[in-house]
Amino acid sequence: MRSPAPYFALVFNALIWGLSWWPFRQFQAAGLHPLWTTVLLYSVSMLVISLTAGRRAWREFLGTPALWLIMLAAGTTNTAFNWGVAMGDVVRVVLLFYLMPLWAVLLARVILKEHLTPLALARIALALSGAAAVLWPEQGGFPLPASLADWLGVLGGLTFAFNNVMLRREAARSPHARALAMFGGGVLVAGSAALAMAGAGLVPAPALPGWWWLLPVAAMALLFFLSNLALQYGASRLPANVTAIVMLVEVPAAALSALWLGGGALDLKTALGGLAILGAALLAALERRR
């Protein structure tokens with residue numbers, strides 16, 4: 001009988017990400033923009049990985065250009081998602097982020113030379129119809145992202161799909177080198193965006209009411225680090241299709257918490273679009289199983 005521990009690990013990871021929007025908003029209200037929060041969170045993880053991995057992992061990371069692409073993709077993913085859920089409608093941002101099965105099909109075709117199967121075409125159609133329903137303007141018109149938060153959700157899903165495709169291509173690389181790339185991306189991309197926007201006066205300098213605010217920041221950094229370890233543990237012990245399905249727990253966790261705490265809204269078209277997007281993700285899992 002298979003141990004339930006990998007399942008619990010993946011659910012823990014999905015819950016941390018699904019509920020992360022709330023602390024990001026609390027930090028923002030206290031004076032710490034989501035971009036600065038992301039830098040702090042991933043700096044702690046980078047420090048831990050650097051201390052445990054040693055110079056060998058750093059040499060592998062610095063000597064492998066493909067890992068630099070993973071760094072940029074992972075950093076853009078985390079920056080876009082964290083910023084998007086902190087400023088926009090959480091339900092819309094998370095659903096648009098989960099358009100990644102659509103991007104994964106197209107990127108796998110270009111990068112991995114995978115063929116377009118009937119199931120792949122079906123999930124493209126489902127994902128596009130779901131996105132159209134979520135984005136359809138009430139006044140009519142073409143369904144396009146209506147806010148910066150919407151665009152961040154789409155961008156985060158696109159770069160997450162690219163990150164996953166690249167991780168598959170670079171599966172032979174050591175876990176520590178891949179972790180350095182992913183955590184380093186969060187520091188580099190979020191830090192660069194924060195500095196650029198702060199210089200333009202669009203993002204305030206990091207500030208908190210008192211030193212005690214560093215305690216919840218440190219606690220969240222620990223949770224993010226543990227959630228990454230949980231993902232590595234669960235994903236390495238379960239089939240990829242099972243991992244993909246369990247990770248969908250993030251969507252209801254984010255949606256229900258946002259509806260309960262006032263972080264988002266859910267109307268009929270968004271609900272129908274969300275079901276289509278989740279259906280595309282389930283099809284992706286079924287295709288992996290085949």
Exercise. Give me the number: length gained by fully extending Leu215 to Ala271, i.e. 0.36 nm times residue separation minus the C-alpha to C-alpha distance, one decimal in nm.
Key: 16.5 nm
Self-check item: Scaled radius of gyration (Cα, divided by 2.2 N^0.38 Å) that region 183-227 gives
Solution: 1.37
Practice problem: Calculate how large, on average over all directions, the projected area of the Cα convex hull of region 67-142 is; give the answer in nm² to one decimal. | Solution: 6.4
Quiz prompt | For region 118-267, accessible area per residue (1.4 Å probe, heavy atoms of protein chains only), Å² | solution = 50
Quiz prompt | Given charges at beta-carbon only (K, R positive; D, E negative), |dipole| of the chain in Debye | solution = 980
Quiz prompt | Efficiency of FRET from Cβ geometry, Glu114 and Ser174, R₀ 22 Å, rounded to 0.05 | solution = 0.30
Quiz item: For Ala198 and Ala5, FRET efficiency with R0 = 30 Å and r from the beta-carbon atoms, rounded to 0.05?
Solution: 0.10
Quiz item: For region 7-137, which whole percent of the accessible surface, found with a 1.4 angstrom probe, sits on carbon and sulfur atoms?
Solution: 73
Exercise. Please report, largest first and rounded to whole Å, the three semi-axes of the ellipsoid equivalent to the chain, where each semi-axis is the square root of five times an eigenvalue of the C-alpha gyration tensor.
Key: 27, 25, 18
Quiz item: For Leu208 and Gln26 in the same chain, what is the full-extension length gain: residue separation times 0.36 nm, less their Cα-Cα distance, in nm?
Solution: 64.4 nm
Quiz item: Mean Kyte-Doolittle of at least 0.0 and a Cα length of 30 Å or more along the axis: which whole DSSP H helices of the chain meet both?
Solution: 65-87, 148-169, 175-199, 214-235, 268-289
Practice problem: Please compute the Cα-Cα pair-distance distribution of region 1-158 with 5 Å bins starting at 0, giving whole percents from short to long. | Solution: 2, 8, 12, 15, 16, 17, 15, 9, 4, 1, 0, 0
Quiz prompt | Tail beyond 19 Å, pair distance distribution of region 8-91 (Cα, percent) | solution = 51
Practice problem: For region 139-290, just run the numbers: alpha carbon Rg, then divide by 2.2 N^0.38 Å, N being how many residues it has. | Solution: 1.25
Quiz item: Could you sort Val90, Val249 by accessible area so the largest value comes first, with the probe set to 1.4 Å?
Solution: Val249, Val90
Practice problem: Just the number, please: Stokes-Einstein D of region 33-77 in µm²/s, Kirkwood Rh from C-alpha pairs, 10 °C, 1.306 mPa s. | Solution: 136
Exercise. State, in angstrom, two size descriptors of region 98-168 derived from its alpha carbons: Rg to one decimal place and Dmax to the nearest whole number.
Key: 13.3, 42
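The values are calculated or read from the model by the stated rules, or taken from the named source; none is laboratory data. Note that the structure is a prediction, hence the values are computed from the model and not measured. FYI the Cβ positions are ideal-geometry reconstructions off the backbone, even for glycines, and counts take in every protein chain you see. All accessible areas refer to the heavy atoms of the entire protein, side chains included, with ligands and DNA or RNA removed. Shrake-Rupley method; radii C 1.70, N 1.55, O 1.52, S 1.80 Å.
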